[in-house]
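Engineer: Dropping a structure here in structure tokens format, bear with me for questions.
Bear in mind that the values in this text are calculations on the coordinates, not laboratory data. In this text the structure is predicted, and so the values were computed from the model without any measurement.
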Amino acid sequence: LWNIMGNTIELGDEFMKKGIIGILILTMLLCGCSSKLEDGVLLLEDGQYEEAIETFEAQIEKEKQLDEAYRGIAIANYELGNYEEAVVNFEKALENEAKETVAMYHLMASACMKYEDYENAMKYYDIVLGMEDCTEEVKKEILFNKIAIYEKAADWESAKEAVDTYLESYPDDERVIKEAEF
């Protein structure tokens, strides 16, 4: 479990989406956001992703709170399986000064892995590992995912190094012990 914005949620994609939606809601509360942004967040929470995208795009046309609008579009695209589009919109959110969070970069890395852009997945994972609020559980998950990236890229030497690095911190993890034997 990971505590983000006062809400304890499970790790994984669901945790990341909830964390980012929580940030959108917090932003709305702090700055008295327009109803379009609020409507978009509610649509995201309700699973109406295409409608959420349209609503966030209307917010972008107003040229207000672009960071949160692009972040909302990114989440909706991720949910729709449009992973490349999700990453593009997360990047646009960052260009518009979105708050950099572990959850956002982790979701970006996950999206890259889904469309086999391992180089950028690795880049985003490295960013997460360098963030002060990266928890031990997230670090463990990322180090495990880095092993998978090297294996999918058939970079066996790097995969072996990643296994060794992982086992230095987590020597009792049976999954990775078996990988080391492989």
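Engineer: Step through the residues of the stretch 64-78 one at a time and calculate ³J(HN,Hα) from phi using the Karplus curve (6.51 cos²θ - 1.76 cosθ + 1.60, θ = phi - 60°), rounding each to whole Hz and writing x for Gly and Pro.
Structural biologist: Values per residue, Gly and Pro as x: 10, 6, 4, 4, 6, 5, 5, 4, x, 4, 4, 4, 4, 5, 4 Hz.
Engineer: So, one more: Working out 0.36 nm times the residue gap between THR135 and GLU161, then minus their Cα-Cα distance, what length gain in nm do you get to one decimal?
Structural biologist: Once the chain is fully extended between THR135 and GLU161, it gains 7.2 nm.
Engineer: Of LYS140/LYS178; LYS99/LYS160; LYS99/LYS140; LYS64/LYS140; LYS64/LYS99, which ones are farther than 26 Å apart at the Cα?
Structural biologist: LYS99/LYS160; LYS64/LYS140
Engineer: With every atom except the alpha carbons ignored, what do you get for Rg and Dmax of the stretch 99-147, in angstroms?
Structural biologist: Cα radius of gyration and Dmax of the stretch 99-147 are 9.8, 28 Å respectively.
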